[in-house]
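Asker: Here it is, the structure in full.
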Number of protein chains: 2
Amino acid sequence: MSPTDSVYAGLEARFARLGALGEAARVLHWDSAVNMPSGGAAARAEQLAALKLVRRDMLAEDGMAGRLDEAAAEVAGDPWRAANLREMRRIWRRETAVDADLLVARTRAESACEMAWRRARAENDFLVVRSRLEELVDLVRRTGEAMAAVLGGSVYEALMDAFEPGATTAGVDELFDDLAGFLPGFLERALDARRDPPVPAAPAEGYPVEAQRALCVGLMKRLGFDFDRGRLDTSLHPFCGGVPDDIRITTRYDPGDFSQALMGVLHETGHALYEAGLPTRWRRQPVGRARGMAMHESQSLLIEMQVCRSREFAAYLAPLIRDAFSGAGAGWDAEALGRHCLRIRRSLVRVDSDEVTYPSHVLLRYRLERAMIAGDLRAADLPGAWSDGLDDLLGIRPETDREGCLQDIHWYDGAWGYFPTYTMGAAAAAQLYAAARSEIAGLPEAVAEGAFAPLVDWLRDSVHSKGSLFPSTDAALEAATGERLSAAPFKAHLARRYLPC
Amino acid sequence: MSPTDSVYAGLEARFARLGALGEAARVLHWDSAVNMPSGGAAARAEQLAALKLVRRDMLAEDGMAGRLDEAAAEVAGDPWRAANLREMRRIWRRETAVDADLLVARTRAESACEMAWRRARAENDFLVVRSRLEELVDLVRRTGEAMAAVLGGSVYEALMDAFEPGATTAGVDELFDDLAGFLPGFLERALDARRDPPVPAAPAEGYPVEAQRALCVGLMKRLGFDFDRGRLDTSLHPFCGGVPDDIRITTRYDPGDFSQALMGVLHETGHALYEAGLPTRWRRQPVGRARGMAMHESQSLLIEMQVCRSREFAAYLAPLIRDAFSGAGAGWDAEALGRHCLRIRRSLVRVDSDEVTYPSHVLLRYRLERAMIAGDLRAADLPGAWSDGLDDLLGIRPETDREGCLQDIHWYDGAWGYFPTYTMGAAAAAQLYAAARSEIAGLPEAVAEGAFAPLVDWLRDSVHSKGSLFPSTDAALEAATGERLSAAPFKAHLARRYLPC
């Protein structure tokens, strides 16, 4: 039997097409955020729904189960092909567990709920979206039930599985319990320890957007972002989209504070380097994709939080800021920059928060979404539960739902079981950066000189180029760092950074 | 039987999905031209190929033929549903005529040939693309043969059918023979009659691109383009892409001559108004699409050539030019503008030519592509045949292939049988505008005042809102103007515009 007419080769061809359709959807998602005029939303929803249904039909076609079984013997002893087959099976099991009618209903409910959320947020009125959210939660629960019946585990775990394959609530709880015991006391101590002398005031006319953009582009290049294989654009909600050879980063510019766009772009560049470094041999195959959203977030947070908010990076950045904004940047020295980039405060809004308080925002959402999926919290009671929960975790309460349960798009466009990956990613970032520091001599000194290649090469070798070769984030982390995911390096990092020596 | 579980309703659902996938491909095509970095080309080719193959598989699935037959009785007496079923059958016959392997081979050959063409054109060396072109012509011929076996008619007609359903070489020949007998003598007389006193020189710093763009946007709005349902961007080759509720016009700006972008945008706005005016009830259904490429080109040429290069439009435009470019625009009065927009000359390049010489450029390509498809002209002999043919038609010869057979992308990316629709469109534009003038009292005076609503409303009623209700361009023209497509109104238009009264 030649390799090209094996059962496995047939599956690869099938999944190549699925992968290409998935890529098409990713480009369309990017376009929706960056270019699409408002009138195009309904047509775009139809386009994306059609892609989703085609994907399901292709996975559900007769004989797939048998071929996945038959191919196993063909790939035995070949780690990449075996891993690819494992990932194919995983996708097939998860995505065929939900019948087409339920998938259509959930997809339509997501579009309707997201549109209602946009109005609700603009009008600061949760009632505008409440019934849509109730309907969506019900459909999400039903898809979760259908998947759990096939995958085993709980309904919530089945939902998490779409973002972080194999994730368990036991594992997430272990991480969060550790952090929930540590962070409140740590936050008090860190706030007590801070010195916040004023930083240079922004110029009256603001930091020019073009100069901010040029600074971002320069740093992206310095980190190894290839503009022949990617772009930087503007959108309301910054993200990293596109596909590995055509990566689309977006940001937004605040004329009053260059650090918003800059740190956002550096964060997305971490995501982008991961995508760019995925194994080219396995483009559009399941094994060629990122290991999961926790690992993805670890790459963005490693670049942003571990590297670019460090005092050594501030030393590299300060002269660039002075150059970029000529007179207006003159007051920014490394000390002021470091202080500005390491502010901590109790904030109502997750995306405005810092690495110390961020896990509390995530924990709040994790608790609430588990309760909603379990049927223990109704959508109608969400605003109150949100306020109480935030008060419990951070001691603050939103005055309006716009700053409360309407602030994130995730639930309203159907991403349930996604939030925990932010904090898993933060912990993994600290763990990976600790390993990198121990393996790369003089890494902080290199960062202070803007020499990022040693780090990025290490990440490519240890993480990016592995794609989904390992069966889980824990296994991937163990290969890269010698340890499963743990909160310890993250806690040590926070202590080193925010407490007096 | 309820309407939603009829066989016809099932077909509508099926074609709605096909339509949505087709829309996804159109957005990706636009993105390729406007945004995609060079490194993304291979991934994009895979995405578009996957969409094409999914489409073919959906059309070719078992039972489609039977359902198309069964549905006929259900739609009898309902003109729109009956027309939709007719168009479904047309698409099904044409697209399932080619087997999947041949479709894949042609799709890959198109990508490879287009990439080779880009190099060949940059290096001005036909040899770079010659063997790729030979390979592609062979595959195009084989797909044409497969389609002709199902559709009847010649291989070339089967290729034309993809752009202009039901087009015959007899019909195209009739139009071209008429024009070929008329144009050479007409061109001589028109060149003799012209007065070309100098027009105002461009300012040393050029016409600012931002001011050009603002002028274009203002005129697009004036013509009824809705920026909540569309955009204007920049690309190397201007075109109108996107989908009816999200129309993407592109242009490019020449700082030395504002009329290039302006007339280009007005041309694309004609295409855009057609897309925007297609029947909303039939979005993503076959009957809801434009009647064909000839009718599409008639809408762009009606706006550009019939309306916006007229002397009455120049009267409306002149003060806008003076406002847009302040000092630099001061010399542009209506007379100079009219003269500038109605230059005629023997040009080597189709896209730089005018409405008098354009048909000769198209006729050259029509002759050559028919000969290549018939096997009477080999790719190796194309450059020579091009020179001889252009000499024969216009009395000029290109000095290089870049200005000769490498100038257009069409053949190299697989569009064979498309060129005739340009000139069919030019004739249809003259015919439709003559009908509009006879039905709308005071139309030229309205144009001189920038009042386009009466014309656009007439076009929407007579053409746009009909989608593909009529079975052919001839039938659609007959409904709108009382006559089948004919060269007579186009010839009368040229005589009125370019010969002394």
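Asker: Given the DSSP H assignment, sum -39500 (n - 2.57) over each helix run of at least 4 residues in chain A and divide by its residue total; what's the result at 222 nm in deg cm²/dmol, nearest 500?
Answerer: Numbers: 20 runs with 310 residues, N = 501.
It comes out at -20500 deg cm²/dmol, rounded to the nearest 500.
Asker: If you put +1 on each Lys and Arg Cβ and -1 on each Asp and Glu Cβ, how big is the dipole of the range A:79-196 around its Cα centre, in Debye rounded to 20?
Answerer: Computed charge dipole of the range A:79-196: roughly 480 debye.
Asker: Just tell me how shielded B:243-251 is by partners: mean number of partner chain Cβ atoms within 10 Å of each residue's Cβ, no decimals.
Answerer: Average per residue, whole number: 4.
Asker: Let me ask you something else. Ignoring ligands, DNA and RNA, what percent of the accessible area of the range B:352-412 is carbon or sulfur (1.4 Å)?
Answerer: The nonpolar share, carbon plus sulfur, comes to 41 percent.
Asker: Can I ask one more? Under a straight-distance cross-link criterion of Cα-Cα below 28 Å, which lysines are reachable from A:LYS221, leaving out those fewer than 8 residues away in the same chain?
Answerer: List returned: A:LYS466.
Asker: Using a 1.4 Å probe on the protein heavy atoms, what percent of the accessible area of the range B:211-282 belongs to carbon and sulfur?
Answerer: Its accessible area is 50 percent carbon and sulfur atoms.
Asker: Ranking request for peptides A:194-200, B:220-226: highest mean number of other beta-carbon atoms within 10 Å first, then the rest in descending order.
Answerer: Most protected by this proxy first, the peptides run B:220-226, A:194-200.
Asker: Something else now. Quick check for me: using +1 on Lys/Arg Cβ and -1 on Asp/Glu Cβ, what's the dipole size of the protein assembly as shown about its Cα centre, in debye to the nearest 20?
Answerer: The dipole of the protein assembly as shown has a size of about 400 debye.
Asker: From a point 7 Å beyond the Cα of A:ASN124 in the direction of its Cβ, which residues of the range A:359-395 have a backbone N at a distance under 17 Å?
Answerer: Under cut-off, by backbone N: A:383-384, A:387.
Asker: Let me ask something else about it. Please sort B:382-393, A:136-147, A:374-385 by packing, taking for each peptide the average over its residues of neighbouring beta carbons within 10 angstrom, highest first.
Answerer: Ranked by mean Cβ neighbours within 10 Å, highest first: A:136-147, B:382-393, A:374-385.
Asker: Mind checking how much accessible area A and B bury in total, 1.4 Å probe, in Å² rounded to 100?
Answerer: 2700 Å²
Asker: Compute the distance from the alpha-carbon center of the range A:154-183 to that of the range B:253-295, in whole Å.
Answerer: 51 Å
Asker: Right, next: If you average the C-alpha positions of the range A:50-77 and of the range B:309-388 separately, how far apart do those two centres end up, in angstrom?
Answerer: So the two Cα centres are separated by 53 Å.
Asker: Okay, next question. In nm, one decimal, shortest first: how far is the label point of B:LEU236 (7 Å from Cα along Cα to beta carbon) from the matching points in the other copies?
Answerer: 3.5
Asker: Next question, about the same structure. Efficiency by 1/(1 + (r/R0)^6): what FRET value for A:ASP413 and B:ARG142, r their Cβ-Cβ distance, R0 = 56 Å, to the nearest 0.05?
Answerer: Computed FRET efficiency for A:ASP413 and B:ARG142 comes out at 0.80.
Asker: While we're looking at this one, here's another question. By average Cβ neighbour count within 10 Å, what is the ranking of A:357-367, A:309-319, B:417-427 from highest down?
Answerer: B:417-427, A:357-367, A:309-319
Asker: Distances from A:GLY206 to the same position in the other copies: list them in nm, one decimal, shortest first, using label points 7 Å from Cα along Cα→Cβ.
Answerer: Once sorted, the set of distances for A:GLY206 reads 2.7 nm.
Asker: Based on the Cβ-Cβ distance from B:THR168 to B:LEU236, what FRET efficiency comes out when R0 is 45 Å, to the nearest 0.05? If you can, show how the numbers build up before the last one.
Answerer: Working: r = 34 Å, r/R0 = 0.76.
Efficiency for this residue pair is about 0.85.
Asker: Residues of the range A:45-73 with accessible area at least 20 Å² lower in the all-protein-chain context than alone (1.4 Å probe)?
Answerer: Buried-area filter returns A:GLU46, A:GLN47, A:ALA50, A:LEU51, A:LEU53, A:VAL54, A:ASP57.
Asker: Quick one: with label points 7 Å out along Cα→Cβ, list the inter-copy distances for A:GLU478 in nm, shortest first?
Answerer: In nanometres, ordered from closest: 7.6.
Asker: Then there's this: Taking 41 Å as R0, compute the FRET efficiency from the Cβ-Cβ separation of B:VAL351 and A:LEU102 and round it to 0.05.
Answerer: Working from the Cβ atoms, E equals 0.20.
Asker: Given +1 on the Cβ of Lys and Arg, -1 on the Cβ of Asp and Glu, and no further charges, what dipole in debye does the range A:191-321 carry about its Cα centre, rounded to the nearest 20?
Answerer: 520 debye
Asker: Using the Cα centre of the protein assembly as shown as origin and beta-carbon charges of +1 (Lys, Arg) and -1 (Asp, Glu), tell me which of A:GLN285, B:ALA204, B:GLY77 is placed farthest towards the positive end of the dipole.
Answerer: So the residue furthest toward the plus end is B:ALA204.
Asker: In addition: Please name whichever of A:ALA122, A:LEU103, A:ALA65 sits farthest to the positive end of the charge dipole of the range A:49-125, dipole taken about the Cα centre and charges placed at Cβ: Lys and Arg +1, Asp and Glu -1.
Answerer: A:ALA122
Asker: Assuming a ≥ b ≥ c are the square roots of the Cα gyration tensor eigenvalues, decide whether the protein assembly as shown counts as rounded (a/c under 1.5), prolate (otherwise, with a/b larger than b/c) or oblate.
Answerer: prolate
Asker: In addition: Could you calculate the contour length gain from B:ALA380 to B:ASP333, that is, 0.36 nm times the residue separation minus the distance between their Cα atoms, to one decimal place in nm?
Answerer: 12.0 nm
Asker: Using 14 Å as the cut-off for backbone N distance, which residues of the range B:450-467 belong to the label zone defined by a point 7 Å from the Cα of B:ASP323 along Cα→Cβ?
Answerer: Counting only backbone N, you get B:450-451.
Asker: Compare the Cα positions of A:LEU342, A:GLN306, A:ALA330 along the charge dipole of the range A:268-353 (+1 at Cβ of Lys, Arg; -1 at Cβ of Asp, Glu; about the Cα centre) and return the one farthest towards the positive end.
Answerer: A:GLN306
Asker: Any idea what the relative contact order of chain A is, in percent, if you count C-alpha pairs under 8 Å spaced at least 6 apart?
Answerer: Contact order relative to length: 19 percent.
Asker: Shifting gears a bit: How far apart, in nanometres, would the label points at A:ALA214 and A:ALA475 be if each is projected 7 angstrom from Cα along the Cα-to-Cβ direction?
Answerer: Spacing of the two 7 Å Cα→Cβ label points: 4.9 nm.
Asker: Between A:ARG496 and B:ALA193, what is the spin-label point distance in nm, taking each point 7 Å from the Cα along the Cα→C-beta axis?
Answerer: Reported label-point gap for A:ARG496 and B:ALA193 is 8.5 nm.
Asker: May I ask you to list the residues of the range B:323-343 whose amide nitrogen lies under 17 Å from a point 7 Å from Cα along the Cα→beta-carbon direction of B:ALA201?
Answerer: B:327-332
Asker: Kindly identify residues of the range A:214-238 having a loss of at least 30 Å² in accessible area between the isolated chain and the assembly of all protein chains, probe radius 1.4 Å.
Answerer: Relative to the lone chain, where solvent access is computed with a 1.4 Å probe, the range A:214-238 loses at least 30 Å² at A:ASP228, A:ARG231.
Asker: Which whole number gives the average count of other chain Cβ atoms within 10 Å of the Cβ atoms across peptide A:32-41?
Answerer: Whole-number average of other-chain Cβ neighbours for A:32-41 is 6.
Asker: With the cut-off at 1.5 for a/c, could you classify the range B:425-501 from its C-alpha gyration tensor as rounded, prolate or oblate?
Answerer: Note, shape of the range B:425-501 comes out oblate.
Asker: Still on this structure, I have one more. Averaged over its residues, how many other protein chain Cβ atoms are within 10 Å of peptide B:468-478's Cβ atoms?
Answerer: Mean partner-chain Cβ count within 10 Å for B:468-478: 0.
Asker: For chain B, what is the accessible area per residue in Å², given a 1.4 Å probe and the full set of protein chains? Mind dumping the intermediate values first?
Answerer: On the way: 19520 Å² over 501 residues.
Ligands and nucleic acids excluded, the figure is 39 Å² per residue.
Asker: Within the range A:416-462, what whole-number % of the accessible surface is contributed by carbon and sulfur, with the 1.4 Å probe and all protein chains included in the calculation?
Answerer: Accessible surface attributable to carbon and sulfur in the range A:416-462 totals 52 percent.
Asker: For the pair A:THR280 and B:ASP226, how long in nm is the line joining their label points, each one 7 Å along Cα→Cβ?
Answerer: Here the modelled spin labels are 4.6 nm apart.
The values are calculated or read from the model by the stated rules, or taken from the named source; none is laboratory data. Because the structure is predicted, anything quoted here is derived from the model rather than measured. Cβ sites come from the backbone with ideal geometry, for glycine too, and all protein chains shown count toward neighbours. Protein only, heavy atoms only, side chains kept; ligands, DNA and RNA dropped before computing areas. Shrake-Rupley method; radii C 1.70, N 1.55, O 1.52, S 1.80 Å.
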